[in-house]
Each structure stands twice: as structure tokens, then as C-alpha cells.
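None of the figures in this text is laboratory data; all of them are computed from the coordinates on show. The shown structure was predicted, so the numbers you read here are calculated from the model rather than taken from an experiment. Quick reminder, even Gly has a Cβ in these numbers, built from the backbone with ideal geometry, and neighbours come from all protein chains shown.
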Amino acid sequence: MVPITTLHYLVVAAALFVLGVIGVLTRRNVVIILMSIELILNAVNLNLVAFSRMWGNLHGQVFAVFIVVDAAAEAAVGLGILIAFFRNKETINVDEINLLKW
Amino acid sequence: MNVALMNQALMSPALMAQALNPGAAPVATPFFFYMLAGAAILSGLFVITRRNAVHSALALIVTLLSVSGLYLMLYAPFVAGVQIIVYAGGIMVLFLFVIMLVSIERVTKERQFNRIWPVGLLASCALLALFVSAFSKGKDLFPERRMALVETSNTQQIGALLYGEAARMGQYTFAFEIASLLLLVAILGAVIMTKRKI
């Protein structure tokens, strides 16, 4: 078997990233769109940690921790918006969200 | 007697042999990598295709745990622990609570994909083609030999980068404080938005 290199991890991260993008672009359910964003952030984290291993320093891992913080903040605010919207319109489908449309 | 010698005295012979010769028989074999990568991608596919959002959330937990295993294979035990505690323990519980608060029955009976999903799929395929061409053209740019990271002092070194004196080690102290401010703003925003009356 070939040894696992940095490129292997990058390919896995690219696959997760594309799955997340597909989820964001095609789903209607806002909760699943937010989950797809989490998939994208995880792919980025995997890249950062793989590069951290490649160069032998820890800056990539520190950045990964910061991205986890960002993901937590984003999930909290996004789900707060979702609850506020559901209270007004009784739906969580993203293509029925058109309050700001003129 | 310094700490390193004491640690060596406490180690078992097999562990000491591995510490003295790090290249000998690593536990992280290619089999584990392919298993974890396959689990991550398969459950990622489940996340974006399930009709019920609870099933998606459970599949996302499997993805997060697999990615955390990949972090362990990359000698990043602190990030792996943060991934499990914050993502699988915190964010996913938040997701499940919100799924519980918004009614799910009506949504599962409706159309799951939006009207322009072929366009979105096409754009994603273009992105995938971009990744494939970039990786196939640039795969020789990555160095063959990877640096060894010291796994036992990983958390300590990350802590030094985050909290250390700004002149020497802690380049990220300011960013760390800003991150705490970001979390505070996010908490306030989430509370204010979900309140009925301010």
C-alpha cells in the first residue's frame, strides 16, 4: 500500500467541501444548509491540520481552533435567525424566505 | 534527575523503543486512513441527502468523529479533542434542539431540493473538476517527507502560541482575545434574536 501523504488528506477535504457546497446549493431546509456549512468548515480544518503536519509547526492547528470558534458563533447566530423566522412565517424552507424581496 | 529521564523511566520498553525510534511501525496505518476517510465522505453524503433533519444531524456526528480520527492520525490530539467536545458535544446538541423547536413533520413531506438544483449540482461539479485538475497538476509540489510533530507536548505548544509572551511565542494572543469577543457578540445576537420582545 502506498504511504499516506498530505495529498490524501487534501483529497478527502476537497470531497467534504464539495459535498457541503452541493448541500448549500440544492437543499431547501435551512437546518440542513447550516449543517452543510459545518461540513465545509470541517474540510477547511482538515486542510489546515494536514498542512500543519506537512510543515512541522503548529500554526495550522491554532487556526483550526479559531475556525471551530467561528463555527460555533455562526451556528448560534444562524439557528437564532432560523427560530425568529420560523416564529413569523411557520416555514424553514429557504426559497420561501422572501421578506426582504421588493 | 530531569523530567525527560523520569518519563523514560516510567515508559514501558515497547513505548520507549518507539519514542527513541519514531519511524518504527506507526499505529496510524493506511487502513485506518481509508476507513476514516470513507466513513467521513459516506456520512457526509448522508447529511445532504436525508429527508429527515434528525437523520442528517446523526450522520453529521459520524462525519465529525471520523474527521477527529483523521486529526489524531495527523498528530493533532488537541484539535481532535476540541472537535469532539465543541462540535459533536456542543454544536450538534444546538442543532438537535433547534430541530426539535421547529416543526419537522410538514417539511419532511415537502420537496427537499430547490427548483434550480441542476444548476447547483453543475456548479459543484465544476468546483470538483477544479479541485481534481489542481491536485493532479500540483501533486509534485508537496514535499515527500513530512515533518514530525511532537504529540506529547502538542497541547502545551498550542497553549504557548495562544497565551505566551507576545514578543517571543504568543503570536495569537490578540486573535484569541478577539475570538472571545466574537463569541460574546454571537451569544448576545442569538439571545436577542430569539427573544419575543426586547
Counting other beta carbons within 10 Å of each Cβ, put B:Phe174, B:Phe131 in order, fewest first.
-> B:Phe174, B:Phe131
Of the listed peptides A:25-38, B:46-59, what is their order by residue-averaged count of other C-beta atoms within 10 Å, with the highest listed first?
-> A:25-38, B:46-59
Per residue of A:45-57, how many C-beta atoms from partner chains lie within 10 Å of its own C-beta, taken as a mean?
-> 6
Could you run the Karplus curve 6.51 cos²θ - 1.76 cosθ + 1.60 with θ = phi - 60° over region A:51-65 and give me ³J(HN,Hα) per residue in whole Hz, x for Gly and Pro?
-> 5, 4, 5, 5, 8, x, 10, 9, 4, x, 5, 5, 4, 4, 5
With θ set to phi - 60° and the Karplus curve 6.51 cos²θ - 1.76 cosθ + 1.60, what are the ³J(HN,Hα) couplings of region A:84-96 in order, to the nearest whole Hz, using x for Gly and Pro?
-> 4, 6, 4, 5, 8, 10, 6, 8, 10, 8, 6, 8, 9
Cα-derived Rg over Rh, computed across the protein assembly as shown with Rh taken as Kirkwood radius = 1.02
Run down the lysines and flag those whose C-alpha is under 22 Å from the C-alpha of A:Lys101, throwing out any fewer than 8 positions away in its chain.
-> A:Lys89
When B:Ile187, B:Ile85 are ranked with the fewest other C-beta atoms within 10 Å first, the list becomes B:Ile85, B:Ile187
